[in-house]
Amino acid sequence: MIQNEMSRRRLLGLGVGLGAAASLTLAGCGGGSATRSGTAGGNGGKDYTGPKVDLKLWNGFTGGDGDIFKKLVEQFNTEHQNIAVAVNTYRWEDYYAKLPGAVSSGSGPDIAVMHMDQLATFAARGVITELDDVSKALGLSEGDFAPTVWKGGLYNQKRYGIPLDMHPLGFYYNKAVMQKAGLDPNKPPTTREEYEAALTELKKSGVQGFWVSPFQFTGGMTFYSLLHQWGATLFDADVAKATFNSDPAVEACTWLVDMVKQGHSPGNVGQDADYLALKSGRNAFNWNGIWQINDLGKSADVQWGVAPLPQIGSQKAAWANSHNFTIVKQRNADNNKVAGAKVFINWLSQHSLDWAKGGQVPARKAVRESAEFKALPGVAALAPELEYAAFPPAAPGLGEVITTFYTAFNEALLGKKSPKQALDDGAAKATKQLQDNRKKYGS
């Protein structure tokens, strides 16, 4: 896999350290804007009949999904003679760092694609505008989406994002390696008992079957999933206190640390080495993002499969995030541009089946349930995870806090601290960060 693609995907869910960037240069960008032109807005994106508008759209789709995204924008422009959308693509890490300053200086985009866990931060800082009128005018409701995806677009009971998709962690398995160990390559393990039994057989055949990475991608995301499978949470209901050091969380972490102690994983797996080992036949199982489906689809020499994550704990759960469409606030608001932006968001949301071909699960329920989507190889296999996906909560400044969570896991897996000590120390630091965020952004 190309290295910049690996780097891009590391930023897909959690925008490490990016919450701070969103708070640096936003004084005045959310208030006092003058309204320039137009009376064509107001119908929430149903249509636009005003004069031609040119819209700037920023996104971070730098891989194969970016090509599909650009083709969809080209199709929209062809079908809408009075709206022209120009796409600017940046690496996610650059994109989130660049956006606040651009908005403050008046050179920001009109539309921005944003991960769910970034919405609250940018809403709190006045970078993006409310979209309640869009959801109401288009008749969108929680029933049209998975509840977690729909609620993830809310901040302070107001809607700031229209969900486009969800991208979960999936369970990839190397069929050839399984077969050599005497396992049925067409029946991947689905329970803890089956999973541990399969690892035992793989070990007998000389294979460390489940490489656990100490890094966020993908060991930390695996722990994130397992923590929820054990019934634990990262934070309390008010996102005011870190709870990822609870007894169930420690148990989930210990299970992963034991993978190393029991010889099912090397002790210090390099970044992305777990995935590369799956492709090269050196391990059998890898918990990784849905985005790897397209890469594996190009790997004709790899016999692979993908399925929802096995249920190791007491309930099903999987790390996931979601791309949302947002409308960016402007110093000099143009109602015609806002109206055109809403039409674009509605159009692309309705065309999310085409977007699914880029390796994403459509957010709209009707699209996920369509025969066309179910026929898509690989991607459709992970759609069931949407019903129990563990999305990050809607709280501003959460990026740094979740980084603290991943750092605690890193220390536990590398043996620097016991699982309990690592999680206790991390939770104490994360709670302080949450308290600071409440002062910074308001409760």
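Residues in segment 363-381 that are out of contact with any helix residue (DSSP H, G or I) (no Cβ under 8 Å at 6 or more places or on another chain) and touching a residue at least 60 places away in the same chain (Cβ under 8 Å): how many? Can you show your working first?
First pass over segment 363-381, keeping only residues out of contact with any helix residue (DSSP H, G or I) (no Cβ under 8 Å at 6 or more places or on another chain): 369, 371, 375, 381.
Remaining after also requiring touching a residue at least 60 places away in the same chain (Cβ under 8 Å): 381.
Counting residues in segment 363-381 that are out of contact with any helix residue (DSSP H, G or I) (no Cβ under 8 Å at 6 or more places or on another chain) and touching a residue at least 60 places away in the same chain (Cβ under 8 Å) gives 1.
If you check K365, K374, which single one turns out to be touching a Phe, Trp or Tyr at 6+ places or on another chain (Cβ under 7 Å), outside the structural domain of S314 (by TED's automatic domain parsing) and surrounded by fewer than 22 Cβ atoms within 10 Å (Cβ to Cβ)?
Details: K374 fails: touching a Phe, Trp or Tyr at 6+ places or on another chain (Cβ under 7 Å).
So the residue among K365, K374 that is touching a Phe, Trp or Tyr at 6+ places or on another chain (Cβ under 7 Å), outside the structural domain of S314 (by TED's automatic domain parsing) and surrounded by fewer than 22 Cβ atoms within 10 Å (Cβ to Cβ) is K365.
For segment 234-250, which positions are of a type in the set (V, I, T) and in a helix (DSSP H, G or I)?
At the first step, the residues of segment 234-250 found to be of a type in the set (V, I, T) are 239, 243, 250.
Once the filter is applied, which keeps residues that are of a type in the set (V, I, T) and in a helix (DSSP H, G or I), segment 234-250 yields only V250.
Tell me which residues, restricted to segment 286-303, are under 21 Å from the mean Cα position of the chain (by Cα) and either buried (at least 22 other Cβ atoms within 10 Å of the Cβ) or of a type in the set (A, V, I, L, M) (or both).
Listed by number, the residues that qualify are N286, W287, N288, G289, I290, Q292, I293, L296.
I need the full set of residues from segment 379-395 which are among the small types (G, A, S) and modelled with pLDDT under 90, in order please. So that I can check it myself, show each step before the final result.
Restricting attention to segment 379-395, the residues satisfying the condition of being among the small types (G, A, S) are 380-381, 383, 389-390, 394-395.
A394 - this is the single residue of segment 379-395 that is among the small types (G, A, S) and modelled with pLDDT under 90.
Can you tell me how many residues within segment 229-244 are within 27 Å of F285 (Cα to Cα) and touching a Gly at 6+ places or on another chain (Cβ under 8 Å)?
Of the residues in segment 229-244, the ones within 27 Å of F285 (Cα to Cα) are 229-234, 244.
Checking the rest, the ones that are also touching a Gly at 6+ places or on another chain (Cβ under 8 Å) come to 229-231, 244.
Adding up the residues that qualify gives 4.
If a residue counts only when it is of a type in the set (D, E), which helices (runs of 4 or more DSSP H) contained entirely in segment 62-181 have at least 3 such residues?
Numbers: elements: 64-79, 92-105, 116-124, 132-137, 147-151, 175-180.
Fully inside segment 62-181 and qualifying: 64-79.
Mind checking which residues of segment 403-416 are part of a loop (DSSP other than H, G, I, E, B) and either crowded, with 16+ Cβ neighbours inside 10 Å or of a type in the set (A, V, I, L, M) (or both)?
In the first step, residues of segment 403-416 are kept if they are part of a loop (DSSP other than H, G, I, E, B); the result is 414-416.
Within segment 403-416, L414 is the sole residue that qualifies.
Does any residue in segment 89-105 that is farther than 26 Å from G64 by Cα come within less than 8 Å, Cβ to Cβ, of a residue that is in a helix (DSSP H, G or I) six or more places away or on a different chain, and which pairs are these?
Pairs that qualify, where the first residue is farther than 26 Å from G64 by Cα and the partner is in a helix (DSSP H, G or I), are P100/A21; P100/F122.
Can you pull out every residue in segment 144-159 that is within 18 Å of Y388 (Cβ to Cβ) and not aromatic (F, W, Y)?
First, the residues of segment 144-159 that are within 18 Å of Y388 (Cβ to Cβ): 145-152.
Scanning segment 144-159 gives A146, P147, T148, V149, K151, G152.
How many residues are over 28 Å from the mean Cα position of the chain (by Cα) and under 20 Å from S225 (Cα atoms) when one looks only at segment 149-193?
Of the residues in that region, 1 qualify.
Going by the structure shown, is F217 under 30 Å from A242 (Cα atoms), modelled with pLDDT under 95 and surrounded by 23 or more Cβ atoms within 10 Å (Cβ to Cβ)? Before you say what the answer is, go through the steps one by one.
Numbers: under 30 Å from A242 (Cα atoms): yes; modelled with pLDDT under 95: yes; surrounded by 23 or more Cβ atoms within 10 Å (Cβ to Cβ): yes.
Yes.
The values are calculated or read from the model by the stated rules, or taken from the named source; none is laboratory data. None of the values given here were measured: they were computed from a predicted structure. Methodologically, a virtual Cβ is constructed for each residue, glycine included, from the backbone with ideal geometry; neighbour enumeration extends over all protein chains shown.
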